[in-house]
Structure formats: C-alpha cells, structure tokens
Amino acid sequence: MKKILAVTLAAGLLAVTPAARADVKQGVDAWNQGDYARAVAEWRPLALGGDTDAQFNMGQAYKLGRGVPVDLPVALEWFRKAAERGHEKASDNYGLLLYQQGRLQDAMPYLKTSAERGEPRAQYVYATVLFNGDLAPRDWVRSYALMLRASQAGIAQATSSLTQMDPYISEAQRRDAAALAVTLPGGKTVPGLPVEVAAGSATRAAQTTPAPPATRTSKPQRPQPAPVMTAAVAPSAPGPAASGRWRVQLGAFRESSRAPALWKDVSGKVSGLSGFEPSYVVTNGLTRLLVGPLASPADAKRLCDSIRPTGTPCVVQGW
C-alpha cells in the first residue's frame, strides 16, 4: 500500500504566543520593531541562565534567521532546552522541526503530545502518521478525526488531505471519526499568524486534557492504495487593485531605513508582491510599511496569507 508522504510546514507557521514579563519583553519590543539583533542580545543571557521563554525565543530566531544566521541544529537545541522544562510552545516547535529534519522517531512523542493537547499543526502531521501506519499503529478513524480538527483550525494542508482520504475511509469510519473529533481538543494556532515571541512564562497557556483513546475500527473491506500528497505551497497573492481602501501593514520601525529594507527582502520572496506599491507612513515616531491598494478585505487577507510564511508579520488595514 502506498502512503501519504510526509509534508513539511513553512517556517512562518511556527508561530508562538506573546506574554508580558518585563525582562524578556524588552527583547520582544525590539523584535516587533524589526531590531532582531537587539532582541537576540536581550534574550541570550536570559536563555543561558535557564529562562524558558528566552530559550524558546532564541530557537525561533535561529529557525527564522532573524538577528542571527539560520541554524536549524542550534534552533533545535534551544527548543529542546525549553521543552524539557515544560514550555509547551517549545515542545510543539521541537517536535515539528524534528519531523521536518527527518528525525521521525524522535519527533513522534512530541507530536503525539502536541496533537492530544490540540495543536493543529501537530494534529495534521500526527494524523498523517496514523493514516500511514508506519511510525505508529494505523488508525484511520483517529487519523480522520485529527485531520478534521486541524482543518477546522485553518490548516490548509489538512483540508486537502481530507479530500484525498475520503475515497479510502468507509462511511462507518467517517461517522466514528466525526463523533471522535467533537471530543478532541482544538487549538487556536492557524497558518499565517504573525511571528511573535514569548515574553514571560507567567502567561503561558494552561494545559488541556489529553484526548481519550480512539476507538479502533476495522479496515475497509477492500483497502485501496492511499493517496500521495505533495508538499503544500504558499497561497498565491492577489494582484494589486487600480484603487481600493485596503492595505496590509508589514511592520513599524523606529529606524525608518528598516522599512524599505524589509520591503526589498519580502518582495523578493513572495511571487507577485513586487507589483504592489509600498507606502511609508510615519505615525508617532514609527515608520509603517503599508502595501496596496487592495479592493477588499478578503484580497488583503489573501495577500497576508501569502506573506506570512516568510516569517513577516502582516496585518490588514483599512485606509
């Protein structure tokens, strides 16, 4: 039987949560202003001292190449340090990155825990594993239920996988999976969230109750070869409108030179983005990078969805 291929997730999907402790937050403020080197300088001594939020942020910096060169082994090590001390988002990112690096057996315990806690990206990957039945016992009911939860949370690859799985899942299994999905926890992480950083462990999300064991069901009477999925690609960007009151904001900087530098970087990475007109608007001492015009908020959201996988924050703005 053929299997669903492992699918990697874009770096920008490794989003994290904001919080509020002052020492780490100094680095967060620098990060949000685009001063990544200063953010890393703020976090490094705290991370070396054992602060899990700072360790997580260092992992994110090395994963995305912000303020430091991209170095995935170093990113993994920072995520591991924080994960071993109970940092849930670090555990989520550690498992996903291990999986992307091909360390599948090492990734499985983290992915399973994250999926049971309701992390949608992990639910998507773990559902794929359960469908294949190579790294964990095959369980098509639980696989379909987890894929449903990931799809409901906005994971586009999961929605595509459901369509590909449908011919191989019996009606009885689909009903059981739908009932199971209702009982599974669902997270709030969705693809395309702005890249944020943790600012203090005090506001870390509370743990959710692990999902109950799945009900095992028999395989279809005539199992067919499973579909093969190819790696997902970033959503296509809409073209600029001749006029419109919608823009997207890609950042706000105290140093005005950072805005055109960001535009040069991002417009070279996202197909079609160079056709838009950047605007640099100074407000309260910050230079905001706005891109448009767009005819509708839906077009603005689509543009943000195509930009965020690069790790660049993107916010829809009326104008």
Next item on the list: Sort through T312, T230, T215 and tell me the only one that's in a loop (DSSP other than H, G, I, E, B) and modelled with pLDDT of 65 or more.
Entry: T312
Note to self: Considering only residues that are buried (at least 21 other Cβ atoms within 10 Å of the Cβ) and aliphatic (A, V, I, L, M), which ones fall in the stretch 303-319?
What the structure shows: L303, I307
Check: Hey, among the residues in the stretch 100-132 that are among the charged types (D, E, K, R) and in a loop (DSSP other than H, G, I, E, B), which one's farthest from Y168 (Cα to Cα)?
Finding: R103
Next item on the list: Answer yes or no: is there a residue in the stretch 133-147 that is part of a helix (DSSP H, G or I), surrounded by fewer than 22 Cβ atoms within 10 Å (Cβ to Cβ) and either in the same structural domain as T52 (by TED's automatic domain parsing) or modelled with pLDDT under 95 (or both).
Entry: no
Next item on the list: Look at the stretch 271-301 and say how many of its residues are in contact (Cβ under 8 Å) with a residue 24 or more places away in the chain and under 24 Å from Q33 (Cα atoms).
Entry: 17
Next item on the list: Quick one: which residue in P69, P18 is more than 19 Å from E119 (Cβ to Cβ), at pLDDT below 95 and not polar (S, T, N, Q)?
Entry: P69
Note to self: For the stretch 274-295: of the residues being surrounded by 15 or more Cβ atoms within 10 Å (Cβ to Cβ) and assigned to a loop (DSSP other than H, G, I, E, B), which is farthest from the chain's Cα centre (by Cα)?
What the structure shows: A295
Next item on the list: Any chance you could count how many residues in the stretch 77-101 are more than 16 Å from the chain's Cα centre (by Cα) and surrounded by 17 or more Cβ atoms within 10 Å (Cβ to Cβ)?
Entry: 6
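Can we say R85 is in the same structural domain as G186 (by TED's automatic domain parsing) and touching a residue at least 60 places away in the same chain (Cβ under 8 Å)? Can you show your working first?
On the way: in the same structural domain as G186 (by TED's automatic domain parsing): yes; touching a residue at least 60 places away in the same chain (Cβ under 8 Å): no.
In short, no.
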Note to self: For the stretch 290-307, give me the residue count where each residue is within 18 Å of K264 (Cβ to Cβ) and in contact with a Cys (Cβ under 8 Å, 6 or more places away or on another chain).
What the structure shows: 2
Checklist line | Residue selected from the stretch 260-269 under the condition among the aliphatic types (A, V, I, L, M) and surrounded by fewer than 20 Cβ atoms within 10 Å (Cβ to Cβ), by the criterion farthest from the chain's Cα centre (by Cα) | finding: A261
Notebook entry, point to check: Could you say whether any residue in the stretch 251-259 is crowded, with 21+ Cβ neighbours inside 10 Å and part of a helix (DSSP H, G or I)?
Noted result: yes
Notebook entry, point to check: Is it true that some residue in the stretch 28-45 is surrounded by fewer than 20 Cβ atoms within 10 Å (Cβ to Cβ), touching a Phe, Trp or Tyr at 6+ places or on another chain (Cβ under 7 Å) and under 26 Å from A261 (Cβ atoms)?
Noted result: yes
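The values are calculated or read from the model by the stated rules, or taken from the named source; none is laboratory data. Keep in mind it's a predicted model, so treat the numbers as computed, not measured. All Cβ positions, even for glycine, are placed from backbone atoms using ideal geometry, and neighbour counts span all protein chains on display.
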